[in-house]
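S.K.: Can you read through this structure? Questions will come right after.
What follows is calculated from the coordinates using simple rules that are stated; it is not laboratory data. Please read all numbers here as calculations on a predicted model, not as lab measurements. Every residue, glycine as well, gets a Cβ built from its backbone with ideal geometry; the counts of neighbours run over all protein chains shown.
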């Protein structure tokens, strides 16, 4: 009889700085929703071990980790209802990752699209960590027997690898120990695009600050960026199908839907036929209403790094209460003497 796993959600974000609207609508907003829905234990992580697969300035990494923790909390993650921690404080992640390095195959890792994209033609000089980090991602998830993981499309392949590792481990040792984790993909504005080019993802690395809404932007800056966002000359269509081949229009409608907790069809039903001169001020007002309080709360939290560290320390203790027995059972299955 197949085991029944405790419903548990895990996800994490790299503390790489430069948080944007895309981070909120593409990830954290869903994290908050899954916390608030109940029915599953939720663990959210700053994956600082993943961050060092490329070189990081130590002081910057610490600052970015605290900033990301502040973002989680300001956006609605409650450290009492969810387990919030930074990955490196829970050594079981790295310990299980070594076991998974020995389960995963080189061919699996070599086929990872993100490895090819990030290493490019310079793969000989890329770190071993960058090549192997999908195994660490699998350990992040499976060290908690997480049953569901909210991910974007760019991480879907890595979650499929996590499933492959779980299946192979179970088959290799004749057990049904690790769950075959389900991805959670969906929600409005999951992939937020540039305000200057609707065909490109909103990114902190874009040289134009006008291309993105930073979560550090004040209310006036948010409103100005929305009003100056690139659009086409046509009014909003009367149906969602009319957004096809109109990337800038689709992006602004999807941002509105994400911020308003609705869907594209509802936005079009309310605003279809309007010119962007009417629509963008409404979107700007909505963005300021939703984001300005979050930015203010982030600044307040960042001003007290000791409190952030205390929250992350307590979260790590709670995370280890789950991870330690799972790792110990894994060692027993593999044949380690403890």
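S.K.: Any idea what diffusion coefficient the chain gets from Stokes-Einstein, in µm²/s, Kirkwood Rh on alpha carbon pairs, 10 °C, 1.306 mPa s?
M.R.: 75
S.K.: Under 14 Å from a point 7 Å along the Cα-to-Cβ line of residue 62: which residues of region 307-324 have their amide N that close?
M.R.: 307-310
S.K.: Under a plain spin-label model, where a point goes 7 Å from the Cα along Cα-to-Cβ, how far apart in nm are residue 228 and residue 328?
M.R.: Label-label distance for residue 228 and residue 328, simple model: 5.8 nm.
S.K.: Something else about it: With an 8 Å cut-off on Cα pairs and a minimum separation of 6 or more residues, tell me the relative contact order of the chain in percent.
M.R.: It rounds to 23 percent for the chain.
S.K.: Would you mind checking the tilt of helix 128-142 against the longest principal axis of the Cα atoms of the chain, expressed as 0 to 90 degrees and rounded to 10?
M.R.: On a 0 to 90 degree scale, this one is about 90.
S.K.: Listing 254, 234 from the residue with the fewest other Cβ atoms within 10 Å to the one with the most, what is the order? Mind dumping the intermediate values first?
M.R.: On the way: 254 22, 234 11.
Least to most surrounded, the residues fall as 234, 254.
S.K.: By how many degrees, 0 to 90 and rounded to 10, does the Cα axis of helix 247-260 deviate from the longest principal axis of the chain?
M.R.: 70
S.K.: Stretched out fully, how many nm does the piece from residue 4 to residue 286 gain, at 0.36 nm a residue minus the Cα gap? Don't skip to the end; give the middle numbers.
M.R.: Working: separation 282, 0.36 × 282 = 101.52 nm, distance 4.28 nm.
Once the chain is fully extended between residue 4 and residue 286, it gains 97.2 nm.
S.K.: What FRET efficiency would be calculated for the residue pair residue 176, residue 220, taking the C-beta separation as r and a Förster radius of 45 Å, to the nearest 0.05?
M.R.: Values: r = 56 Å, r/R0 = 1.25.
Rounded to the nearest 0.05, the efficiency is 0.20.
S.K.: Modelling each spin label as a point 7 Å along the Cα-to-Cβ direction, I'd like the residue 40/residue 278 distance in nm, to one decimal.
M.R.: Result: 4.1 nm between the two label points.
S.K.: For the chain, what does the helix formula give at 222 nm: sum of -39500 (n - 2.57) over DSSP H segments with n ≥ 4, over the residue count, nearest 500 deg cm²/dmol? Show your work: numbers first, answer last.
M.R.: Working: 13 runs with 176 residues, N = 338.
That calculation yields -16500 deg cm²/dmol at 222 nm.
S.K.: Using the basic label-point model (7 angstrom from Cα toward the beta carbon), what is the residue 113 to residue 33 distance in nanometres?
M.R.: About 2.2 nm separates the two model spin labels.
S.K.: Ok, one more. Any idea how far the Cα center of region 143-173 sits from the one of region 177-235, in Å?
M.R.: 27
S.K.: Helix 305-334 versus the longest principal axis of the chain: what angle, 0 to 90°, nearest 10, using Cα atoms?
M.R.: 40
S.K.: Return a whole-number percent for the relative contact order of region 46-192, with Cα pairs under 8 Å and 6 or more residues apart as the contact set. Walk me through the numbers before you get to the answer.
M.R.: Numbers: 128 pairs, mean separation 34.2, N = 147.
Rounded, it is 23 percent for region 46-192.
S.K.: Moving on to the next point. How would you rank 115, 108, 98, 55, going from fewest to most other Cβ atoms within 10 Å of each one's own Cβ? Before the final figure, lay out the partial values.
M.R.: Details: 115 20, 108 16, 98 12, 55 8.
Exposure proxy ranking, most exposed first: 55, 98, 108, 115.
S.K.: Length gain on complete extension for the stretch residue 303 to residue 98, per 0.36 nm per residue less the alpha carbon to alpha carbon distance?
M.R.: Details: separation 205, 0.36 × 205 = 73.80 nm, distance 3.70 nm.
Result: 70.1 nm gained on full extension.
S.K.: No solvent, one uniform scatterer per C-alpha: report log10 I(q)/I(0) for region 8-190 via the Debye equation at q = 0.10, 0.12 1/Å, two decimals.
M.R.: Each listed q corresponds, in turn, to -0.38, -0.56.
S.K.: In the chain, what percentage of the DSSP-assigned beta bridges are antiparallel, given to the nearest 5?
M.R.: Working: 2 of 16 bridges.
If we restrict to bridges inside the chain, about 10 percent are antiparallel.
S.K.: Between region 272-338 and region 74-115, what is the C-alpha centre distance in whole Å?
M.R.: 15
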